[in-house]
Structure formats: structure tokens, C-alpha cells
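Just below is one structure, and these are the notes that go with it.
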Amino acid sequence: MSSLRGFYQIFLMPGWRRQGLVPQLYFHLRSGLANSIRMASSSTDQKSQIFAVEPNRHSPNPFYFRSYNHGGPQAPCMTPNDWPMLAHGGLAFSVCLTKGPRVETARQQKSLGQQLSEQFPDSEIFRLISYSPENLHGSLEKGFFILPPHCYPSAQKRLYNVLMEYGQDIQFCSYSKGEGQDIWQCLWELSGEAKEIARSRVLRVDEPLSSPFVESIKGSAVFYSLEDACGVLEECSSVIPEAKKVLASMEQHSILERRSFPVIVIEGLDATGKSTLTESLKTHLNAALLKSPPDSISQWRTAFDAEPSLIKRAYYAVGNYIGASQIMKAAKSSPVIVDRFWHSTAAYAIATEMGGGIHNLPEHHHEVYQWPDDLLRPDLVILLTVRDEERIRRIRKRGLQETKEEKELEANGVFRQKVEEVYKRMENPACVIIDASPSMEKVLQEALAIIQRHCSIQMKK
């Protein structure tokens, strides 16, 4: 079986996946493996809940497993060698918030994550999702996987105390090595006191071709229509007054109006020279200069940055549509330069929500990289890139006040690489890349040359 597994893993390489016959062959081989497992125990429950832990230092790829409720002497099982998080013994825990209204659940999720970080500062806490393969979108729930230090006997009791306030809204499981080599999952009921209600062996499962982590960000971290983004703000307007104000700023949206002049978006990480370049282009092209989020709603940015990802990303998405209305008006009388637009909104969201390194990002040409159909499409998008060392030097020299994500960019080289890679994978329109490390005069001249090639525009002499 191991040789067969190695054989079909070859066909998981990105270049092979898109060929018509290869997925069929893959599923045929995978089905054979599944049949071998079923032969070991015909009572295996194929519809059981699957858990997935985001990539981490123990597992560079998402780690998938499920409970195995019906056993037998030959039933498949998982040993500590199969589960790197428990390779040295100890306990691990999973916590999932059960389905509820999405805004309420998102706020509970954020609150729970903060509590866990505060109460368990020495523990490793990873994002986790659970789902049913037969109904991914309808069953997907988010949570956390907690890995306390090996010698932490009070961890489970302390977790009870944190989770009790959530009552029936929580699914809480513990994981440990059994008397043999099996890993066991214990499901607990938390209502007044902790009570074990089920105990099952755990089985590792293969990573699916379509990542549920990718599916979970569509419509919750990246929005592809104005309707979806506004829907989130409408739901949270009863608890977040600023949401009503943002919605009130919306004008009738249309992408069908003709514009007389081109729209040029400048993208890039902080301290890549966007502000300097956009100001220079404004002068050289006699252009209007706009930014995202637009001034009409930027006063509420801090409030939304403190909210869960669902609400924060919806705010930035709606901001793009508000900005689009302003862009269309301005483009009737002059070229328009835009300091960040939809690419930034999506790039930061995808890089943040997808754990691990670049190899864990959705592959090239995935639908998550596609521009929304109902959003004004710019004529040109320029992406400024700068070497990490130079970019960080500029940030420190200028004494910029950084957002949480910008601080993460400075501290986490992997995250920086992911954000920039997502930018480069965007399509329709794709980014035209400029190395902004040279002098700003050289960067400006290169940008003007690119604009002249792509846009019909009169340069200022």
C-alpha cells in the first residue's frame, strides 16, 4: 500500500492536476486505498467528521484526522509516529464553535482565541476547522487546536474553566496516547461540569485535493460581490454602530458607466514607495489621486481592525466598492491613480488566513485570485517590490505607525513572502511588477514607461 500511495502522490504536483485524465486516475487509485482500509474493517464510518489543523512547526502541511468509532483487531489506527504533535506523549485539545449566526460566531471565535492566548501563554495554539466531506460549506466550523507543554497536568482543568461559559456552543475534545500505541479522542460535555460522553480511536486521513481551508476564506475573508460584503455589515450593524455608517456611505453602485480616462492602481507592501510614486504620477499625469479605504469611511478603520476577520474584511471590501464609485466619477475628467485597491484587500486576507508557507497557498489560477465581476476593473495595476532589508530599513527610518498586519510583515519573513506571492498570482488584471529598490526617479520613469505602453494617456511635459 505504501508504494501505491507514493505512486499517486506524484500526480498531486500542480502541473499534473489540471490534466483531464489525471484526476480520474488519482481518484481511482485513492479509491483503491480507501477500499483496502474498508476491507480491514467494514464498519468504518465514511461520513464521520474530519478535523484539520493548520500547518505548523510539527506538520508543514495541514494535518487531517477523524475519529474511528467502530473498532476491531485489524481496524486502522493512528500511532504517535503518525501524529507529530503527540510524538512525545502528553495531551492535546481541540475546540470548535458550533454553527450559529456568522457574525455572533465570528466574535465568539475572536474572544475565545484571545482568552486561550492569555490563559495558556506557554502552549502552542493553532487554527483548526472541522467539516463533513459530504457537506463542506454547510458543516464547516472553525476552532483551535491547543498543545500545552508536556508537563502541564492542570491544562485540561483550566480549559474547562475557560470553556464553561460557552456551554453548548462548544465542541471540546482531548487527545492522548492509549495503553497501546493508539491515539484516542475523548469528547466532553461542558454543562455545569465536564463529563466524558464518547471515546474513539483517531485515524489520520489524506489531504483532499480541494483544501477546506481555501473554501473557508471565500465569503468570509475574501468577498467577490458587493452583496456578500454588505450582508455581513448589515448583520453586525446592531452591535457595531460604525457598520451602519459605512453602509450609509454607499451610493448606487454601477460598473457599466463609461469612463474617459484610465484608472491605474499602485500596490505593494508598506515602505515600498507607494505614496511617493502616487504623488509623482499625480503630477506627471495631471491625475486625480484616490486611496483605499476612501476618506469617507477611513475614520472607522481602527474600529473595524479590532473586529474578527469576517467583519474587518467585509469593511475593506465595501470600501473598495465605495472607492469605485468615486473613481468612476473622477475618471470622467482625468486619469485616476489609486493607492491600493482590491488586490491589497485580497492579498492580505489570503496570506493571513492560509497557514504555513508559500507552498500552502492556493495554486496558480485558482478562483480566489480572480477579480470580482461586479467591481470596477482598473486599466493597469503596478506592484512595487523591495528587498526585505531595505523595506524594513525604510519603515524604521520613517517611524511609521504600523497596523497589526504590518508589524507581522516586519517580524515574519514567511508572511511577507506569502503576501507578495499572492499579489503576483492575481489575475484579470494581473500586476505589472516594478523593483522599487533604486532611486524614486528611476522608479518613476519605469512606471511612466509602463503606463504609456498600457494606457492611452497624455503625459505632462
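Please treat every number below as a calculation from the coordinates, not as lab data. All of these numbers come straight from a predicted model, not from anything done at the bench. Don't worry about glycine lacking a Cβ; one is built from the backbone with ideal geometry, like all the others, and counts go over all protein chains shown.
Please give, to one decimal in nm, the separation of the simple spin-label points placed at Gln299 and Val414, each 7 Å out from Cα toward the Cβ.
Inter-label distance under the simple model: 4.1 nm.
Just grab the label-to-label distance for Val432 and Arg453, each label 7 Å out from Cα along the Cβ direction, in nm (one decimal).
Rounded to a tenth, the inter-label distance reads 0.7 nm.
How big is the C-alpha Rg of the range 170-306 next to the rule-of-thumb value 2.2 N^0.38 Å, as a ratio?
After normalising by residue count via 2.2 N^0.38 Å, the value is 1.75.
Need the full-extension length gain, Arg258 to Glu421, defined as separation in residues times 0.36 nm minus the C-alpha distance. One decimal, nm.
Extra length available between Arg258 and Glu421 comes to 55.4 nm.
Would you mind checking the range 111-134 for residues with the amide N under 12 Å from a putative spin-label position 7 Å along Cα→C-beta of Val239?
Once the point is set 7 Å along Cα→Cβ of Val239, 111-112 turn out to lie under 12 Å by backbone N, inside the range 111-134.
Would you mind getting me the FRET efficiency between Asp373 and Asp122? Use the beta-carbon distance for r and R0 = 60 Å, nearest 0.05.
Efficiency, rounded to the nearest 0.05: 0.80.
Could you please tell me the mean projected area of the C-alpha convex hull for the range 305-388, averaged over all directions and given in square nanometres to one decimal?
Orientation-averaged projected area of the Cα hull: 7.3 nm².
Thinking of the range 260-351 as a set of Cα atoms, what percent of all their pairs are more than 18 Å apart?
Within the range 260-351, distances greater than 18 Å cover 47 percent of Cα pairs.
Determine ³J(HN,Hα), in whole Hz, for all residues of the range 294-303 in sequence, where each value follows from phi through the Karplus function 6.51 cos²θ - 1.76 cosθ + 1.60 and θ = phi - 60°; x replaces Gly and Pro.
So the Karplus estimates, Gly and Pro as x, are x, 4, 5, 10, 5, 5, 9, 4, 4, 4 Hz.
With r defined as the distance between the Cβ atoms of Lys157 and Thr276 and R0 fixed at 51 Å, what FRET efficiency is calculated, to the nearest 0.05?
The formula returns an efficiency of 0.35 here.
Sort the range 413-461 into rounded, prolate or oblate with this rule: let a ≥ b ≥ c be the square roots of the eigenvalues of the Cα gyration tensor; rounded if a/c is under 1.5, and if a/c is not under 1.5, prolate when a/b is larger than b/c, oblate otherwise.
Oblate is the answer for the range 413-461, as a/c is 1.5 or above yet b/c matches or exceeds a/b.
With each pseudo-label sitting 7 Å past Cα toward Cβ, what's the Glu227-Glu363 distance in nm, one decimal?
Each label point lies 7 Å from its Cα, and together they span 3.1 nm.
Once the Cβ-Cβ distance between Glu134 and Glu251 is put in as r, and R0 is 35 Å, what FRET efficiency do you end up with, to the nearest 0.05?
E(calc), rounded to 0.05, equals 0.25.
Between Lys442 and Lys332, 0.36 nm times their residue separation minus their Cα-Cα distance comes to what?
Length difference between fully extended and current span is 36.6 nm.
Rounded to whole Hz and in sequence order, give me ³J(HN,Hα) for the range 318-325 from the Karplus expression 6.51 cos²θ - 1.76 cosθ + 1.60, θ = phi - 60°, writing x for Gly and Pro.
Karplus-based 3J(HN,Hα) across the range 318-325 equals 4, x, 5, 6, 4, x, 4, 5 Hz.
Pairs of lysines 8 or more apart, or on different chains, with alpha carbons under 26 Å: count those in the range 132-265, would you?
So the count works out to 9.
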